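S.K.: Input: one structure, supplied below.
The values are calculated or read from the model by the stated rules, or taken from the named source; none is laboratory data. These figures come from a predicted structure and were not determined experimentally. Heads up, the Cβs are rebuilt from the backbone with ideal geometry, glycines too, and the neighbour counts pull from every protein chain shown.
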Amino acid sequence: MGKAAELTMAEKIILRLWKTNMSYRKIAEALGRGKGTVERVVNSPGTTVPPSKRGGSVKIDSRTSRLIIFKVSSGAGGAKKVRDALRLPLSIRTVQRCLENTPWLKFKKLRRGPMLKPRHVRARLDWAYENSDLDYFWWANVMFSDEK
């Protein structure tokens with residue numbers, strides 16, 4: 001165990017006054033310090049106060065974050081679908097923020113294909129009926145423009 005830090009002169013004076021049965025308030029007035037400072041020195045001499053925790057509470061732990069990333073990477077959809085699938089008590093924006101902070105995932109908005117008009121659907125069906133006698137391997141290589 002390391003050597004403890006030495007008390008400052010002000011801390012030594014506070015401890016000496018406290019041992020003479022002076023109250024925290026009177027010690028604080030005499031030295032021009034706050035009552036909380038005097039209380040801290042008396043209760044834990046020689047130690048510093050840990051900094052207070054800043055910011056909001058953590059909503060996503062590492063396990064939940066990995067689950068979200070795994071679900072999105074496997075093609076489960078966007079933030080809303082992933083949140084609903086995992087039944088997370090989080091907002092959609094929180095899930096999106098988790099995904100934004102993942103460097104290997106890039107946001108890509110899905111382009112909507114053009115809506116087919118009834119005449120285009122009819123033309124496509126006519127073409128399919130004309131070529132229906134072709135074998136399975138030929139059809140396996142056909143890719144329509146609206147397929148992604």
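A quick yes/no check of all residues on (1) in contact with a helix residue (DSSP H, G or I) (Cβ under 9 Å, 6 or more places away or on another chain); (2) among the polar types (S, T, N, Q); (3) farther than 30 Å from Asp61 by Cβ:
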| position | (1), (2), (3) |
| --- | --- |
| Ser73 | no, yes, no |
| Ala79 | yes, no, no |
| Asp84 | no, no, no |
| Pro118 | no, no, yes |
| Trp127 | no, no, yes |
| Leu134 | no, no, yes |
| Ala140 | no, no, yes |
| Met143 | no, no, yes |
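S.K.: If you don't mind, there's one more thing I want to ask. Before we move on, is Glu29 more than 30 Å from Pro103 (Cα to Cα), of a type in the set (Asp, Glu) and modelled with pLDDT of 90 or more?
M.R.: yes
S.K.: Could I ask something else about it? Considering only residues of region 32-60 that are of a type in the set (Lys, Arg) and at pLDDT below 85, which is surrounded by the fewest Cβ atoms within 10 Å (Cβ to Cβ)?
M.R.: So, considering only residues that are of a type in the set (Lys, Arg) and at pLDDT below 85, the one surrounded by the fewest Cβ atoms within 10 Å (Cβ to Cβ) is Arg54.
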